[in-house]
């Protein structure tokens with residue numbers, strides 16, 4: 001058996017072995033739904049389906065729901081599919097961002113170089129800058145963070161909140177919290 005059935009809080013929980021083929025699991029579920037234990041006049045237990053780390057396609061989900069509808073022995077009460085976390089890779093740019101240049105970044109990025117006055121860098125995640133930051137650096141959401149070693153008259157904007165003419169000569173992380181821009185300084189900054 002590749003499906004375990006447990007009773008939890010007045011529900012039946014069907015736990016699927018995520019190492020098996022979906023067709024195998026669906027055939028096994030069909031057999032379980034036809035068993036005499038689930039055939040009671042007027043009683044339809046609530047059922048929750050746990051697929052562990054398997055992510056069902058739309059087609060697979062429709063096949064599951066169609067089977068449940070055809071058998072009419074359970075009340076569908078939900079499904080669990082573990083999210084697969086994307087590995088967040090850091091993009092590395094070995095360049096200086098010059099005046100008049102606009103750089104749009106949609107992933108965590110390390111700039112090995114500087115951001116000159118008049119340059120604009122917009123980012124969605126985390127931005128690390130090895131050289132001087134003097135232009136406009138804009139984090140586009142509340143989770144955006146910028147870390148740099150040297151800020152000189154920089155314009156920092158995160159989630160619409162700005163900090164003008166920011167200067168610092170030590171490692172600093174700037175981030176958004178409670179409608180303000182906060183900063184942490186020092187050698188041990190966790191981003």
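Where a number appears in this text, it was derived from the coordinates with a stated rule and is not lab data. Bear in mind that the values here come from a model prediction, so they are computed numbers and not experimental data.
Here is how the numbers come out for the structure above:
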quantity: Hull-based mean projected area of the stretch 86-156, where the convex hull spans the alpha carbons, in square nanometres; calculated: 4.2 nm²
quantity: The chain: calculated mean residue ellipticity at 222 nm from DSSP helix runs of at least 4, using -39500 (n - 2.57); calculated: -4500 deg cm²/dmol
quantity: Reported label for calculated Cα extents along the principal axes in Å given (i) 67, 38, 24; (ii) 76, 31, 28; (iii) 94, 40, 30; calculated: (ii)
quantity: 0 to 90° range, to nearest 10: angle between helix 22-33 axis and the chain longest Cα axis; calculated: 40 degrees
quantity: The stretch 1-67, Cα convex hull volume normalised per residue, Å³; calculated: 94 Å³
